[in-house]
1. Could you give each residue of region 40-46 its phi-based ³J(HN,Hα) in whole Hz, using Karplus coefficients 6.51, -1.76, 1.60 with θ = phi - 60°, and x for Gly or Pro?
2. From the phi of every residue in region 32-39, what ³J(HN,Hα) in whole Hz does the Karplus formula 6.51 cos²θ - 1.76 cosθ + 1.60 yield, where θ is phi - 60° and glycine or proline is x?
3. With a point put 7 Å past each Cα toward its Cβ, work out how far I42 is from T4 in nm, to one decimal.
Amino acid sequence: MLYTIAVVLILLWLLGIVSSYTLHGFIHLLLVIAIIVVLVRIIKGHKPL
């Protein structure tokens with residue numbers, strides 16, 4: 001589930017960069033949230049993705 005969310009967020013972020021429609025940084029905020037979630041899982045000892 002987390003892997004799917006992270007992949008979707010990264011794809012949306014890349015799409016926002018390519019198309020230059022980032023919704024005023026919203027896509028970048030979602031990417032930062034996805035990275036934080038993955039880091040928290042690594043710190044807790046789970047597989048990252």
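What follows draws every value from the coordinates through simple rules; no lab data is involved. Computed from a predicted structure; not experimentally measured. So basically every Cβ, Gly included, is an ideal-geometry build from the backbone, and we count neighbours across all protein chains shown.
1. For region 40-46, the Karplus curve yields 4, 5, 5, 4, 6, x, 8 Hz.
2. With coefficients 6.51, -1.76 and 1.60, one gets 4, 4, 4, 5, 4, 4, 5, 4 Hz.
3. Output for this residue pair reads 2.4 nm.
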